[in-house]
Amino acid sequence: MKITIKLSELLYFSAFFIWLFFNFVAQTNLVYKFPSIYRYRIIAMIVCIVILIAKLLLEKHTRRFLLIFLLAICLAITIAISTNKLFDGLTIISTIMLIVSVKNINFRKVLVFWSVSIFLFMLFVFILLKLGIIENTLRIQLGGRYRFSQGYQFVSLGANYLFHITLVYLYLRKNRVRFLEIMLLGIVNYYFYINTDTKSAFFLSILALIVVYLFRNKELNQRTLKVTGIIVWTAGVIVPVVLTYFYNPSIKFFQILNTTLTGRLSLGHKTMSLYGVDLFGQRIDWELQQRSTSVFDNYLYVDSSFVNILLHYGVILLFVIWLSYYLLIKRGYFNTVEMLVFIVLILHSMFDPQFFELMYNPLLLLIGVSWTMDRHKYQEGLN
């Protein structure tokens, strides 16, 4: 039994590393030197799926898990067909496979593995940048905003990786986090802020560092945590959808809010008007910014994670995501620090798109925990 578990972990982390590495590299400026990276990313996701299938075949499963797995894969395949793109289809299938396959894996190890991997990948990009192998793209945007990409395809990517590393670090350290650690994380986040001008990632990182440090030795009762968590989580999912749907540029409130959110509401409303909403998602041809420019003429992308999931992957998946975290909160999986970190993640995801991207957000794997792991086993493995 011990050998099986160790082999399962080896297979899971091998699949996860392959998935992370090729998806990460495909978001750096290396793709301009090596365009074949995109093709390798497709192959990597297929390899990842095969390895995870092998992992699951090695394990013994209850009927309940087999039913959950069958429903999850059916949902993934249905969404993949609906999106009608090879990359989008493989992304949703491999992501759901990684979520479901987290069964029998120590969750602390998963978070540490993700953190170390992304840190090393970012260090690799930083070294390539300083050696001049990849370029530090400058983007000048409306209002005279000078933003350097730090070696990534888009100026906000590095800052958002660091934001999520900060959250996961705090999630792991909990009440053990020290002032020096808080200061170091704050300084590194500030470095990315002054170079990329990515405001939400920086200010929410600082918020997370402050509230976790202040509450690190305080434990709120479970009732307070559950009520607060459910309200914030539900509002976090619903509010961006409602604001996007009812957006009206002729109303002063929406004008101010849309300007504050740098056009996110208008772009979301435009996409919703063009494509509508489907139960199992649909193909959406995003139009992103041109490299090294501030051209927005044909730009089309939805930055709110929850609106993006709703439009691209459908109503059913968004509901499953909401239900999974609702169950985690209701069953008391989170302590005070973990809940504070999760709340900051919700605030960020309301108007930024990384929630359903495992490259950024390994806490997405908690969906798998909610369906395959009881609270005591999860907490025992995390502490």
From the list Leu257, Leu267, Leu209, which residue is closer than 23 Å to Ala159 by Cβ, touching a Gly at 6+ places or on another chain (Cβ under 6 Å) and either part of a helix (DSSP H, G or I) or not hydrophobic (A, V, I, L, M, F, W, C) (or both)? Leu209
All positions within the stretch 219-237 that are free of Cβ contacts under 8 Å to residues at least 40 places away in the same chain and either in a helix (DSSP H, G or I) or under 27 Å from the mean Cα position of the chain (by Cα) (or both): Arg223, Thr224, Val227, Ile231, Ala235
Which one is nearest to Ile77 (Cα to Cα) among residues in the stretch 16-39 that are surrounded by 15 or more Cβ atoms within 10 Å (Cβ to Cβ) and more than 18 Å from the chain's Cα centre (by Cα)? Ile37
Considering only the stretch 81-97, I want to know if a residue exists there that is closer than 26 Å to Tyr313 by Cβ, in a helix (DSSP H, G or I), in contact with an Asp or Glu (Cβ under 7 Å, 6 or more places away or on another chain) and not β-branched (Val, Ile, Thr). yes
For the stretch 149-156, state whether one or more residues are under 26 Å from Val211 (Cα atoms) and either at pLDDT below 95 or in contact with a strand residue (DSSP E or B) (Cβ under 6 Å, 6 or more places away or on another chain) (or both). yes
When the residues of the stretch 201-226 are filtered to those that are of a type in the set (Ser, Thr, Tyr) and touching a helix residue (DSSP H, G or I) at 6+ places or on another chain (Cβ under 6 Å), which remaining residue is surrounded by the fewest Cβ atoms within 10 Å (Cβ to Cβ)? Tyr213
Can you give me the number of residues within the stretch 240-262 that are surrounded by 14 or more Cβ atoms within 10 Å (Cβ to Cβ) and either at pLDDT 95 or above or in contact with a helix residue (DSSP H, G or I) (Cβ under 8 Å, 6 or more places away or on another chain) (or both)? 10
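The values are calculated or read from the model by the stated rules, or taken from the named source; none is laboratory data. Every value quoted in this text rests on a predicted model; they were computed, and no experiment measured them. Ideal geometry is used to build each Cβ from the backbone, glycine not excepted, and the neighbour counts take in all protein chains shown.
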